[in-house]
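The values are calculated or read from the model by the stated rules, or taken from the named source; none is laboratory data. Please read all numbers here as calculations on a predicted model, not as lab measurements. Reconstructed Cβ throughout: ideal geometry from the backbone, glycine too, with neighbour counts over all protein chains shown.
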Amino acid sequence: MSAGKATAVAPANIAFVKYWGTRDEERTLPYNPSISMTLARCVSRCTVELRPEGSDLELLFGEGSAGLAPPSPEFARGVERHLGRLAEWAGYRGGFRVAARNEFPTGAGLASSASGFTALALAAAAALGREPGPEELSALARRSGSGSAARSAWGGYVEWPAAGGDGEGAAQLAAAAHWDLRDLVAVVDASPKGVSSRAGHRLAPTSPYFERRLALLAARLERVRGAIAARSLAELGPVVEEEAIDLHLIAMSSRPPVYYWRPGTLAVLAEARRLRDAEGVAVWATIDAGPNVHLICEPAAEAAVAARMTALPEVVAVLRDGVGGGPRVLRGAEDHLI
Ligand code: DP6
């Protein structure tokens, strides 16, 4: 790889303690710390080529196995803003040619801006001759406006603190090798979500339960940190599921309310509980700002969880993922998208 053109791959992540509510939208600063697990298979790839003579942006985007094509104007504006900040950081004044692809298993219904913006930040930095470490990459990725991107800069188990300012990003709690956890996504609706996370963050403080959750969080964060350190799913599972329900309680009681769930969401939650209570399978659910359910378990339970969820009529696909190692720059000519 020579500076001037670079490709990076970055993963999505699933939050155990959610980022919900933005206290400073301009700088993407959250009300509360969040903790997540970085995924292995749900990744975005991005190639950035510098155009020092130009000043414009040429952008192509693709999903799954579909070809690359110009994206929506809204998507392009987000990329342009993010690249503008990265160019300023590196003191670069020229144009860019960019191609990005979400290499998620198709039909996952999991559009991730965390993986996309982290891949873009890393590819742009590498093209500009910089190779930020995860700490710096995290702060750069966060400035995209996708707060959860701060956590995708690291592999394994990651915490993004709420205090601090502009330069701050997330930190790693434990590497992927520390604990082999799996995330099976029971997809009940693969269509794009109706209400963006950004809109949800804005509405969150209007819920009468917003402050209550913040008051509960210090203890909850401590339990999650302890469970990860001890590799204890029996300790982690209940708190992760409780936290996911609280996010949706806040969304559903915001003014106006936001309903991310579909009937299939409840069917999956009920099946996870049945598996646990009646059959002793250790599996716990969490749900981001959408209807699909992430089922967290250890490798020994994966086959049983996948089979039972696949058999539910409400589930259109089960995507198997697990903890992964974080973003990387790819150096082969064949790795570039353009
Ligand atoms: C519910 O503002 O980071 O996933 O940029 O749309 O991916 P996107 O979302 P972002 O908010 C994430 C909200 C969440 C919880 C979490 O990941 O912490």
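Residue check: is A99 over 19 Å from R198 (Cβ atoms), assigned to a strand (DSSP E or B) and away from the ligand (no atom under 16 Å from the Cβ)? Step through it out loud before you land on a result.
On the way: over 19 Å from R198 (Cβ atoms): yes; assigned to a strand (DSSP E or B): yes; away from the ligand (no atom under 16 Å from the Cβ): yes.
Here the answer is yes, as A99 does meet what is asked.
Out of the residues in the range 13-69 meeting the condition of being of a type outside the set (A, V, I, L, M, F, W, C), away from the ligand (no atom under 16 Å from the Cβ) and not in a loop (DSSP other than H, G, I, E, B), tell me which one is farthest from D288 (Cα to Cα).
Step by step, filter the range 13-69, then rank; the result is R51.
Considering only the range 157-168, how many residues are buried (at least 21 other Cβ atoms within 10 Å of the Cβ) and touching a Phe, Trp or Tyr at 6+ places or on another chain (Cβ under 8 Å)?
Matching residues across the range 157-168 total 2.
Answer with yes or no whether A289 is more than 19 Å from the chain's Cα centre (by Cα) and at pLDDT below 95.
The answer is no for A289.
Of the residues A234, A282, which is over 18 Å from G156 (Cα atoms), touching a Gly at 6+ places or on another chain (Cβ under 8 Å) and surrounded by fewer than 20 Cβ atoms within 10 Å (Cβ to Cβ)?
Among A234, A282, only A282 is over 18 Å from G156 (Cα atoms), touching a Gly at 6+ places or on another chain (Cβ under 8 Å) and surrounded by fewer than 20 Cβ atoms within 10 Å (Cβ to Cβ).
In the set R225, R273, which member is within 16 Å of the ligand (Cβ to nearest atom), of a type in the set (D, E, K, R) and surrounded by fewer than 21 Cβ atoms within 10 Å (Cβ to Cβ)?
R225
Return yes or no: is L173 away from the ligand (no atom under 12 Å from the Cβ) and either among the hydrophobic types (A, V, I, L, M, F, W, C) or over 20 Å from N13 (Cβ atoms) (or both)?
yes
Of all residues in the range 136-168 being touching a strand residue (DSSP E or B) at 6+ places or on another chain (Cβ under 7 Å) and either under 16 Å from V98 (Cα atoms) or assigned to a helix (DSSP H, G or I) (or both), which is modelled with the lowest pLDDT?
If we take residues in the range 136-168 being touching a strand residue (DSSP E or B) at 6+ places or on another chain (Cβ under 7 Å) and either under 16 Å from V98 (Cα atoms) or assigned to a helix (DSSP H, G or I) (or both), then G147 is modelled with the lowest pLDDT.
Among the listed residues R142, R97, which satisfies the condition of being charged (D, E, K, R) and crowded, with 22+ Cβ neighbours inside 10 Å?
Exactly one residue qualifies, and that residue is R142.
Given R308, R262, which one is over 30 Å from V98 (Cβ atoms) and surrounded by fewer than 21 Cβ atoms within 10 Å (Cβ to Cβ)?
That would be R262, the only listed residue that is over 30 Å from V98 (Cβ atoms) and surrounded by fewer than 21 Cβ atoms within 10 Å (Cβ to Cβ).
Would you check which residues across the range 169-196 are surrounded by fewer than 21 Cβ atoms within 10 Å (Cβ to Cβ) and at pLDDT below 95 and list them?
Result: D189, A190, S191, P192, K193, G194, V195, S196.
Restricting the range 112-139 to residues that are among the polar types (S, T, N, Q) and closer than 20 Å to E88 by Cα, which is surrounded by the most Cβ atoms within 10 Å (Cβ to Cβ)?
Among those that are among the polar types (S, T, N, Q) and closer than 20 Å to E88 by Cα, it is T118.
Scan the range 310-327 for residues that are among the aliphatic types (A, V, I, L, M) and closer than 19 Å to V240 by Cα and jot them down.
Correct list: V323 only.
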